[in-house]
Amino acid sequence: MTVERWTDEMLDELASSVTELRESVSEVRDSVDGLRVTVQALLQVAAQSQRDMELIKQRQQENDQRFNILLEEVRYLRRGNQES
């Protein structure tokens, strides 16, 4: 087994590589934190949109019921006029 001695230049390169790696890891963490915030905001928007869609659906059902009641009343009135 051969033993290799580290030169000052090799140690400097290693230190430089470690520093670059540390900076890269820091940038990745910052990116992940940014993504986390973005995902949370998107989830909140999606939840609000879901609630809005449920309200719209509920209102549409109520409007459909009102329309059907009015339609039945018109039909009833027309039958009454036709019989007279």
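The values are calculated or read from the model by the stated rules, or taken from the named source; none is laboratory data. In this text, all values refer to a predicted model and were calculated from it rather than measured experimentally.
Determine which member of the set 46, 15 is among the hydrophobic types (A, V, I, L, M, F, W, C) and within 27 Å of the chain's Cα centre (by Cα).
The match here is 46.
Go over the candidates 29, 5 one by one and state the one that is of a type in the set (D, E, K, R) and at pLDDT 95 or above.
From the options 29, 5, the qualifying one is 29.
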